[in-house]
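The block underneath contains the structure these notes are about, expressed in structure tokens.
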């Protein structure tokens, strides 16, 4: 692709992201509490009308949202609310994988050449080479450390890390986080439904509190707070240097 065409496409892409995040109605839907509720209600009605095709459309919308830096947790929660624990988890994983892959390629083909010139300095070049050498383990580490999903997709696209390493590191690395969010949100929805029936929070909890699909998400949620600490102890196993950790901007020190 010619450099001039890449620049034009990149400018259009950045303009589209800024418009969606700052000026379009979607900024209200994604980044305000009332807006998210409106969006959820509207999306639910829209998907209900699609019937068989609803799961496919949800995966597509999930993936597209990641291109515009919408936090992955928003659509992960929506997936749990609309499709339940296991089916919702499957769709959330597919949406995350697809969106991550497309984001990676956008960054790789539109911005890698410019990034490569910036990374020619000794420190950054060595850092880029080190990350590429151990791409899979580095991506696994950063995913398990809960580095913001959307930003990492684009950041890795700017590096020399191969798509294969990025993809499989993502496939495995995002599972714990998506399981926690999907299962917890689904369990909270079930408790809310019970509360609507009983109109008594004590009865609602006593009816379901010891069910495995309620207890497991709560335990996973609690455990998720310890995952970064546990993973950090095995940093060397992932071939992650302090420099890579610092440049990731993850704030895990």
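Nothing in this text is a laboratory measurement; each read-out follows from the coordinates by a stated rule. Keep in mind the model is a prediction, meaning the values are calculated, not measured. Positions of Cβ are backbone-derived with ideal geometry, glycine not excepted, and every protein chain shown enters the neighbour counts.
Multiplying the sequence separation of residue 114 and residue 17 by 0.36 nm and subtracting their Cα-Cα distance, what value in nm do you get?
Extending this stretch completely gives an extra 33.0 nm.
State the Kirkwood hydrodynamic radius of segment 72-112 in Å, one decimal place, computed from all pairs of distinct Cα atoms.
That comes to 10.9 Å for segment 72-112.
For residue 189 and residue 24, what does the FRET efficiency come to when R0 = 35 Å and r is the distance between their Cβ atoms, rounded to the nearest 0.05? Can you show the working numbers first?
Numbers: r = 28 Å, r/R0 = 0.81.
Working from the Cβ atoms, E equals 0.80.
Just from the alpha-carbon atoms, what are the Rg and Dmax of segment 27-143 in angstroms?
In Å, with Rg to one decimal and Dmax whole: 17.9, 56.
Based only on other Cβ atoms within 10 Å, what is the fewest-to-most ordering of 113, 165?
Arranged by neighbour count, lowest to highest, 113, 165 become 113, 165.
For 188, 110, what's the fewest-to-most ordering of other Cβ within 10 Å of each Cβ?
Least crowded to most crowded, the residues run 188, 110.
When you count, for each residue, the other Cβ atoms within 10 Å and take the mean per peptide, how do 75-88, 167-180 rank with the highest first?
75-88, 167-180
Got a sec? How would 10, 50, 184 order by Cβ neighbour count within 10 Å, fewest to most?
In increasing order of surrounding Cβ atoms, one gets 50, 10, 184.
Hey, rough spin-label estimate for residue 64 and residue 48, points 7 angstrom out along Cα→Cβ, what's it come to in nanometres?
2.2 nm
In vacuo Debye scattering of segment 16-58, one point per C-alpha: log10 I(q)/I(0) at q = 0.21, 0.27, 0.29, 0.34 Å⁻¹?
Normalising to I(0) and taking log10 leaves -0.72, -0.85, -0.88, -0.98.
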